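The values are calculated or read from the model by the stated rules, or taken from the named source; none is laboratory data. From a predicted model like this one, the values you see are computed outputs, not experimental measurements. Note: ideal-geometry Cβ built from the backbone for every residue, glycine included; neighbour counts use all protein chains shown. When the accessible area is computed, the model is the full protein with side chains, heavy atoms only, and any ligands, DNA or RNA have been set aside. Shrake-Rupley method; radii C 1.70, N 1.55, O 1.52, S 1.80 Å.
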Amino acid sequence: MITILGFAGSLRKNSFNKSILRAAVELCPENAKIEIFDLEGIPLFNQDFENQPPEKVRNFKEKIRAADAILIATPEYNYSIPGVLKNAIDWASRPYPDNAFDNKPVAIMSASTGMLGGSRAQYHLRQTFISLNMYPIHDPEVMVPFAKEKIDKDGKITDEKLKEKIRELLESLIAWTIKLKG
Ligand SMILES: Cc1cc2nc3c(=O)[nH]c(=O)nc-3n(C[C@H](O)[C@H](O)[C@H](O)COP(=O)(O)O)c2cc1C
């Protein structure tokens, strides 16, 4: 059984990215399990405290370490990733060399109300994976443009093709994780 830790880069209650993450839990193949971690409550990173991180961060790092793979669903804010997501990543990567993400396989999804589906945020996040020493999958790309048309008011995906893509992404992440485990 492959264990995946998922988190969303949005704290918004009705977040489209939280919705696609919840959908991933339902669509997950039988040989894997996704646990969702909510980034709400992580304070702003201050390097003065990186050796004594807050409990929420300690908990986040433990869950990252325990997982075989990571799944991130993120909005795009001003052509990049939200501060909420970067802040959580920065905490979990410190203090050097205690980077909880080291060597983890990872997959990204993004949902946006705009026409590019958060693609620019995905490419910025991929750049961060180099510093984190993570191994992202490249195919398929799950980018959800015009999210309001594909996710209803209850946060359910109404677009069957999107569900299929999320399932493919999970299958790809699981296969990659198994390969890396050797
Ligand atoms: C500060 C801010 C900046 C944004 N910048 C972008 C952007 O660069 N590209 C984009 O496609 N959408 C942008 N949006 C719109 C988001 O796609 C939209 O708010 C989306 O619903 C956020 O994801 P969520 O539903 O998971 O919270 C921005 C929204 C905010 C609040």
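Residue-by-condition table, conditions (1) within 21 Å of Ile20 (Cα to Cα); (2) open to solvent by 50 Å² or more (accessible area, probe 1.4 Å):
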{"position": "Ala73", "(1), (2)": "yes, no"}
{"position": "Ile81", "(1), (2)": "yes, no"}
{"position": "Ala88", "(1), (2)": "yes, no"}
{"position": "Phe101", "(1), (2)": "no, no"}
{"position": "Met115", "(1), (2)": "yes, yes"}
{"position": "Ser131", "(1), (2)": "no, yes"}
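Among the residues of segment 98-112, is any on the phi > 0 side of the Ramachandran plot and within 13 Å of the ligand (Cβ to nearest atom)? Within segment 98-112, none of the residues are on the phi > 0 side of the Ramachandran plot and within 13 Å of the ligand (Cβ to nearest atom). Quick check on Leu21: is it buried (at least 20 other Cβ atoms within 10 Å of the Cβ) and part of a helix (DSSP H, G or I)? It is true that Leu21 is buried (at least 20 other Cβ atoms within 10 Å of the Cβ) and part of a helix (DSSP H, G or I). Residues being within 16 Å of the ligand (Cβ to nearest atom) and either open to solvent by 20 Å² or more (accessible area, probe 1.4 Å) or at pLDDT below 95 (or both) are entirely absent from segment 169-180.
Reported count of residues in segment 27-57, each being touching a strand residue (DSSP E or B) at 6+ places or on another chain (Cβ under 9 Å) and open to solvent by 50 Å² or more (accessible area, probe 1.4 Å), is 5.
Checked against the criteria, Lys33 does not count as in a helix (DSSP H, G or I) and modelled with pLDDT of 95 or more. Restricting segment 1-11 to residues that are part of a loop (DSSP other than H, G, I, E, B) and hydrophobic (A, V, I, L, M, F, W, C) leaves a set whose member that is surrounded by the fewest Cβ atoms within 10 Å (Cβ to Cβ) is Met1. For the condition away from the ligand (no atom under 15 Å from the Cβ) and among the hydrophobic types (A, V, I, L, M, F, W, C), Ile70 qualifies. Screening Asn51, Asn14 for residues that are touching a residue at least 40 places away in the same chain (Cβ under 8 Å), part of a loop (DSSP other than H, G, I, E, B), away from the ligand (no atom under 16 Å from the Cβ) and farther than 20 Å from Pro136 by Cβ leaves exactly one candidate, Asn51.
Among the residues of segment 113-133, the ones that are part of a helix (DSSP H, G or I), free of Cβ contacts under 8 Å to residues at least 40 places away in the same chain and within 13 Å of the ligand (Cβ to nearest atom) come to 1 in all.
When you check Lys61 against the structure, is it in contact (Cβ under 8 Å) with a residue 24 or more places away in the chain, within 16 Å of the ligand (Cβ to nearest atom), assigned to a helix (DSSP H, G or I) and not small (Gly, Ala, Ser), yes or no?
The answer is no for Lys61.
Can you tell me which condition Phe60 does not meet? The list is (1) crowded, with 22+ Cβ neighbours inside 10 Å; (2) under 18 Å from Leu169 (Cβ atoms), and all the others hold. Failing condition for Phe60: (2).
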